[in-house]
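Each remark here refers to the structure printed beneath this line.
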Amino acid sequence: MGFDTVRSVNFRNLADSRTNLSGADKIFLVGLNGQGKTNFLEMIYYLCYASSFRGKSDKGLCRHGEEGFFTGASYSFNNQQFGSLGISFKNGVRTTKIDEKIIRDRKELINNIPCVVFCHDDLSFVTGSPERKRWFFDQTLSYQYPLYVDSLRRYKKILNQRNKVLKEKKRDLLEIYTVQMVKTGKEIQSRRKELNELFNVHFSRYFKKISGLEGDLTISYQPSWRGMEEEKEIFDFMKAREEKEIFRGSSLYGPHRDNFTFIQEGKNFTDFGSTGQMRLISLIMRIAQADFVSASQEKKPILLLDDVLLELDREKRALFLDSLPSYEQAFFTFLPGDDTYTRGGNSLFFDIEEGVLSKR
């Protein structure tokens, strides 16, 4: 079922409203650029995770000239679990409630309403920095293991403390933080390695179905502590490189330096693939992620697809849409005149102009 109703007050350029989505499994938002289509999807995503998929701060989500906002929803899953959700931002403070109970940590939202967004910036998961690739796979891991978020937070804190010690050349404290870094970092790398093997199963299947390219494409996990399985082995590796790190004033090895590459016939695919192929791979990654969420949780995800079909030809669009895994609800944005809507099911169509949604 998904969202029954959603409400917004002072959120971006969206008009203050209460939108009824009851009974719809596909919602289509049609409008010109800059009218609020992406803002509406951003609101849905924010309701799921209390964060923006565009990297905006809470303050940045306020309508121009306003100091706060509210967004809320009623929802159900599998026509069994019913609930309400509300998130407000006022005086610099965010308050999140599920069924009127205040949620203190965003981690508690991860399994409440699983949501996967397809957007233009996803290309960076293929062609972008190692940091963006790590972000994608860490997000995927958090869907399956919410406690993984704690491991990442703990590692980041240790890393910051260790970098401070390196900058200040406090050799007497360095070993303490190295031991902590190795222990927590090893947990993270073990999870990433396990995920990479499982994720490739989903990814490779969809790549063969949608891409039309010859040969297999696999995602290769390249840990910074490569070939080291035991903590002592990693510690000795780090110990031997202390002086180099002290000279640089920074931790040069560890999960924060891990990378993922796309390999076809032993070569890095991003070295010779076209931009269009990279774009398609980023979409396939999101499909695989959504499939992974469905397989690892009892709930089917909400899908948000923000103008991601524009660069695909008609055949690829059809294959892509046909490959979407099971979902509770899917939101699509389109420009006026686009005739590739996937009808069927219980669909709702809204025209959107200057933040106002009008039901067709």
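FYI, it's all coordinate maths here, none of it is from the lab. Treat the numbers as computed from the prediction; the structure is a model and nothing was measured. Cβ placement follows ideal geometry from the backbone for every residue including glycine, while neighbour counts extend to all protein chains displayed.
Magnitude of the Cβ-charge dipole of region 123-296, K/R +1 and D/E -1, about the Cα centre, nearest 20 debye?
The calculated dipole for region 123-296 is roughly 640 debye.
Hey, in the GNM for the chain with a 10 angstrom Cα cutoff, which one of GLY55, GLY254, GLY31 fluctuates hardest?
In this elastic network of the chain, the residue with the biggest mean-square fluctuation among GLY55, GLY254, GLY31 is GLY55.
Which pairs, out of LYS183/LYS267; LYS56/LYS169; LYS56/LYS267; LYS97/LYS209; LYS101/LYS156, put more than 31 Å between their alpha-carbon atoms?
LYS183/LYS267; LYS56/LYS169; LYS56/LYS267; LYS97/LYS209
Would you list the membrane-span-like helices of the chain, meaning whole DSSP H runs whose alpha-carbon atoms span at least 27 Å along their axis and whose mean Kyte-Doolittle value is at least -0.5?
275-296
Just grab the label-to-label distance for PHE70 and GLU214, each label 7 Å out from Cα along the Cβ direction, in nm (one decimal).
6.2
So what is the orientation-averaged projected area of the chain, using the convex hull of its C-alpha atoms, in nm²?
Averaged projected hull area, Cα only: 19.9 nm².
I'd like to know which of GLN35, PHE3, LEU195 lies farthest towards the positive end of the charge dipole of the chain, counting +1 on Cβ of Lys and Arg and -1 on Cβ of Asp and Glu.
It is LEU195.
With n ≥ 4 as the cut-off for DSSP H runs, can you work out [θ] at 222 nm for the chain, using -39500 (n - 2.57) per run divided by the number of residues, rounded to the nearest 500?
About -13000 deg cm²/dmol.
With the chain treated as a Gaussian network of Cα nodes joined by springs under 10 Å, which of PHE237, PHE137, PHE272 yields the largest mean-square fluctuation?
Highest fluctuation among the options: PHE272.
Are there cysteines in the chain with no second cysteine's Cβ under 4.7 Å away, and if so, which?
Cysteines lacking a close Cβ partner in the chain: CYS62, CYS119.
Report the residue, chosen from ALA290, ALA15, ALA240, that carries the largest GNM mean-square fluctuation when the chain is represented by alpha-carbon nodes joined by springs under 10 Å.
Of ALA290, ALA15, ALA240, the Gaussian network model singles out ALA240 as fluctuating most.
Amide H neighbours of SER17 under 5 Å, at least 5 residues apart or on other chains, H built in the peptide plane: list them.
SER8
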